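Here's the structure we're looking at; comments come further down.
The values are calculated or read from the model by the stated rules, or taken from the named source; none is laboratory data. All values reported here derive from a predicted model rather than from experimental measurement. Heads up, the Cβs are rebuilt from the backbone with ideal geometry, glycines too, and the neighbour counts pull from every protein chain shown. These area figures cover heavy atoms from the full protein model, side chains too; ligands, DNA and RNA do not enter into them. Shrake-Rupley method; radii C 1.70, N 1.55, O 1.52, S 1.80 Å.
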Amino acid sequence: MTLNSRITQQILIAIAIGLVLACVIAGAGIVAQNALRIASAPTLTPTPKPTASRTATRAATSIPTTTFTPAITQTPTASPTPAPTLGPTRTPKPAVQHLFIDRPVAIAAIGNSPSRNYLFGTTRSGELDVHHGEEFENATGTPVFSVADGTVVVAGNDEQPLCGDNSRSPCGRNLQPDGFYGNLIVIQLARTYRNQRIFALYGHLNAIDVTVGRNLIVGDVLGEIGQTGIALGPHVHFEVRVGVNDYAHTRNPILWMIPLAGRGALAGRYADAKNVLVQGAPIKIYRDDGTYVGETETYSRDKFAAVVSDDEMGENFAFPDLPAGDYVIKVDGTQFAAKATIEEGKLTFVDLGGM
Ligand SMILES: [Zn+2]
């Protein structure tokens with residue numbers, strides 16, 4: 001064998017090894033991609049490479065800021081680590097903490113957490129009106145309690161105009177022949193938020209045990225759950241209102257309620273490339289091992305009166321009472337996702353999409 005033919009042979013062997021390696025790497029890549037895909041996740045699409053300027057959200061402060069690897073368990077592979085399920089994230093806003101009100105029902109009640117079927121700002125995928133409160137579903141007769149120290153400012157049936165600063169405005173979106181909230185109570189909290197009054201509303205009550213002007217301490221019994229007004233079943237419709245006691249000033253109660261033991265609250269913001277909040281987008285929540293936990297929608301536009309984002313957070317979705325731990329929050333059908341660490345007794349904020 002001549003020197004030339006030996007070199008040629010070595011080159012051919014090298015090419016053959018290269019082809020085999022390429023196939024193995026490609027195959028491993030496919031396996032890795034499948035392992036990384038969360039149920040119903042979008043097809044993997046190229047995303048911008050992480051840059052040093054990226055920072056994790058506050059919720060994910062334990063995550064290195066320059067290595068945005070997916071939250072799901074990684075399969076060792078020779079291919080470069082893809083990071084397709086985490087979309088762009090930006091400098092986070094501080095996670096505002098004003099979780100200081102109690103629940104409107106006992107912690108021991110069956111429905112001690114907001115119903116996931118109709119969370120604040122959602123429409124059940126367009127089936128229902130935009131929801132201005134949270135539902136605590138419990139049997140008729142279940143007592144409701146004062147969520148904080150305060151004073152009763154409304155106690156009656158909203159076939160009459162009872163709300164607003166003059167107590168003569170509709171409590172709901174308008175006056176309806178059969179009422180909207182039915183029998184309701186509104187309390188004004190003793191404490192304020194940024195010099196604004198805070199109100200808590202209890203709707204669809206079966207019985208009212210207090211009168212206007214009554215001073216309350218947290219935990220006082222106010223009445224009992226029913227299904228008066230527009231209610232499909234027994235529950236208390238619970239609202240937080242900031243500034244003015246009317247339908248146009250509702251805020252998400254999840255941002256205000258003390259989480260259940262061992263749990264924390266999640267809030268987030270999903271905006272488009274022009275930084276406009278996206279409405280009615282499906283948000284899915286997974287544990288970091290890929291286990292599905294729950295879902296909600298970003299706030300939809302209400303033609304009667306918009307639901308209002310928090311003054312400081314500017315959120316457009318929230319989810320209550322998640323067990324402490326690590327999560328991945330995804331906008332279903334898009335590449336936008338973020339990691340979130342839920343801490344007991346705290347609110348975690350995630351930023352998805354936008355500029
Ligand atoms: Zn409701």
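Out of the residues in the range 197-229 that are among the small types (Gly, Ala, Ser) and open to solvent by less than 10 Å² (accessible area, probe 1.4 Å), state the one that is nearest to the ligand (Cβ to nearest atom).
203
With respect to the numbered conditions (1) within 16 Å of the ligand (Cβ to nearest atom); (2) open to solvent by less than 60 Å² (accessible area, probe 1.4 Å); (3) assigned to a loop (DSSP other than H, G, I, E, B), which one is the sole condition not fulfilled by residue 98?
Here residue 98 clears every test but (1).
Per-residue answers, yes or no, for (1) buried (at least 17 other Cβ atoms within 10 Å of the Cβ); (2) under 26 Å from the mean Cα position of the chain (by Cα):
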position: 144; (1), (2): yes, yes
position: 152; (1), (2): yes, no
position: 155; (1), (2): yes, no
position: 161; (1), (2): no, no
position: 171; (1), (2): yes, yes
position: 181; (1), (2): yes, yes
position: 193; (1), (2): yes, yes
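If you go through the range 110-118 one residue at a time, do you hit one that is more than 18 Å from the chain's Cα centre (by Cα) and among the charged types (D, E, K, R)?
no
Note down all Cβ pairs under 6 Å where the first residue falls in the range 211-236 and is not assigned by TED's automatic domain parsing to the domain that holds residue 140, the second is in a loop (DSSP other than H, G, I, E, B) and open to solvent by 40 Å² or more (accessible area, probe 1.4 Å), and they're at least six residues apart or on different chains.
Short answer, once both residue conditions are applied: none.
One line per residue, one yes/no per condition, for (1) touching a Ser or Thr at 6+ places or on another chain (Cβ under 9 Å); (2) away from the ligand (no atom under 16 Å from the Cβ); (3) among the aromatic types (Phe, Trp, Tyr); (4) not in a loop (DSSP other than H, G, I, E, B):
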site: 231; (1), (2), (3), (4): no, no, no, no
site: 254; (1), (2), (3), (4): no, no, no, yes
site: 261; (1), (2), (3), (4): no, yes, no, no
site: 264; (1), (2), (3), (4): yes, yes, no, yes
site: 274; (1), (2), (3), (4): no, yes, no, no
site: 280; (1), (2), (3), (4): yes, yes, no, no
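Looking at the range 127-139, I want the residues that are more than 16 Å from residue 281 (Cα to Cα) and open to solvent by 50 Å² or more (accessible area, probe 1.4 Å) and have a partner that is at pLDDT 95 or above and near the ligand (Cβ under 9 Å from one of its atoms) with Cβ atoms under 8 Å, at least 6 apart or on another chain. Which pairs are those?
Filtered contacts from the range 127-139: 137/115; 137/235.
For the range 300-322, name all the residues that are assigned to a loop (DSSP other than H, G, I, E, B) and either assigned by TED's automatic domain parsing to the domain that holds residue 239 or farther than 20 Å from residue 243 by Cα (or both).
300, 301, 303, listed by residue number.
Residue 303: basic (Lys, Arg) and surrounded by 22 or more Cβ atoms within 10 Å (Cβ to Cβ), yes or no?
no
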